[in-house]
Amino acid sequence: MRGPSSMRSPARFMSTTRVLTQMAQIVVPFRGESAKQRLDASDEIRSQLALAMLGDVLIACVATGRTLLVTDDPDARALADELGAEIVDDPGGGQGSAVAAALERTEDGPVAVLNADLPCVVPHDVRTLVGAAELGAFGFVEAEDGTTNALALPRASLFAPLYGARSADRFRRHAEAHGVIAVAAEIPNLSDDVDTLEDLARIGFRAGPRTQAAIGGIQAL
């Protein structure tokens, strides 16, 4: 017979169950053929690299929670099927419109938005990002050039299509204008995006396995 110290408190058990069953929701927009135009490489290599990075991002996201990929690219849609992400048709109109289309299909609660060119991301990074939104804050990850690599929204209705140059500052002001604390999340694997071959060289072996394989293919040419 178990003693008092070994018996679970019903209230604690119910609370733990709620935490364990709460699933993160993550949106990933992907442009497809027009992705990575700043990479000094052929269209074929750019496409292969973009899909490889997307694969590493989706693997991290799907391991964390429900993941919605917004794209019209056939190869990306096949990748989503392979890795277990849901597919949302890209309505056109840019990244903001793509994210908004996916947010319409999310449930109540926090949502993360990750760019598709973050090949170093692992599930812990995604959970850390989502954690800001679960605490009621508007989280954002700023890239080195001032653009925005990722968002953590306490609720989908807080999203606004503010992407572009210096967008991190705009997202911060947007959150504060709505009375929500804005948190600049310092998550190195989410700060390191890839736009150029120099970026690939900088992240080196920190990139995920699919991106590493694509880099190996480029080096072999």
* What pairs come up if the first residue lies in the range 82-102 and is under 21 Å from I59 (Cα atoms), the second is among the acidic types (D, E) and surrounded by 14 or more Cβ atoms within 10 Å (Cβ to Cβ), and their beta carbons are under 7 Å apart, counting only those six or more places apart or on different chains? -> D89/D72; D90/D72; A98/D90
* Structure fact -> Selection over the range 63-104 where residues are in a helix (DSSP H, G or I), closer than 17 Å to A50 by Cα and in contact with a helix residue (DSSP H, G or I) (Cβ under 9 Å, 6 or more places away or on another chain) yields a count of 7
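Is one or more of the residues making up the range 173-182 within 28 Å of A52 (Cβ to Cβ) and surrounded by 19 or more Cβ atoms within 10 Å (Cβ to Cβ)? Walk me through it before giving the result.
Taking the range 173-182 as the starting set, the residues that turn out to be within 28 Å of A52 (Cβ to Cβ) are none.
Scanning the range 173-182, I find no residue that is within 28 Å of A52 (Cβ to Cβ) and surrounded by 19 or more Cβ atoms within 10 Å (Cβ to Cβ), so the answer is no.
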* Looking at the range 135-172, which of its residues are over 19 Å from E186 (Cβ atoms) and aliphatic (A, V, I, L, M)? -> A156, L158, A160, L162, A165
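Considering only residues of the range 175-199 that are among the aliphatic types (A, V, I, L, M) and free of Cβ contacts under 8 Å to residues at least 40 places away in the same chain, which is nearest to I59 (Cα to Cα)?
Pass one, the range 175-199, residues among the aliphatic types (A, V, I, L, M): 175, 177, 180-185, 187, 190, 194, 197.
Subsequent filtering for residues that are free of Cβ contacts under 8 Å to residues at least 40 places away in the same chain retains 175, 177.
On the way: A175: 29, A177: 34 Å.
Restricting to residues being among the aliphatic types (A, V, I, L, M) and free of Cβ contacts under 8 Å to residues at least 40 places away in the same chain, the top hit is A175.
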* Asked: Which residue pairs have Cβ atoms under 9 Å apart, sit 6 or more places apart or on different chains, and have a first residue in the range 148-159 that is over 11 Å from V27 (Cα atoms) and a second that is basic (K, R) and surrounded by fewer than 23 Cβ atoms within 10 Å (Cβ to Cβ)?
  -> T148/R170
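Return the total of residues in the range 135-161 being in contact with a strand residue (DSSP E or B) (Cβ under 9 Å, 6 or more places away or on another chain) and either crowded, with 17+ Cβ neighbours inside 10 Å or among the hydroxyl-bearing types (S, T, Y) (or both).
Restricting attention to the range 135-161, the residues satisfying the condition of being in contact with a strand residue (DSSP E or B) (Cβ under 9 Å, 6 or more places away or on another chain) are 135, 137-143, 148-156, 158-159.
Then drop every residue that is not either crowded, with 17+ Cβ neighbours inside 10 Å or among the hydroxyl-bearing types (S, T, Y) (or both), which leaves 137-143, 148-154, 156, 158-159.
So the answer is 17.
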* Structure fact -> Heads up, the strands (runs of 3 or more DSSP E) in the range 136-202 (entirely inside) with at least 2 residues that are farther than 18 Å from G96 by Cβ are 182-184
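Could you please let me know if A50 is surrounded by 23 or more Cβ atoms within 10 Å (Cβ to Cβ) and within 23 Å of D199 (Cβ to Cβ)? Before you say what the answer is, go through the steps one by one.
Values: surrounded by 23 or more Cβ atoms within 10 Å (Cβ to Cβ): yes; within 23 Å of D199 (Cβ to Cβ): yes.
Yes; evaluated as a whole, the condition is true for this residue.
Read-outs: derived from the displayed coordinates by stated rules, not from any lab. Everything numeric in this text was worked out from a predicted model, so none of it was measured. FYI the Cβ positions are ideal-geometry reconstructions off the backbone, even for glycines, and counts take in every protein chain you see.
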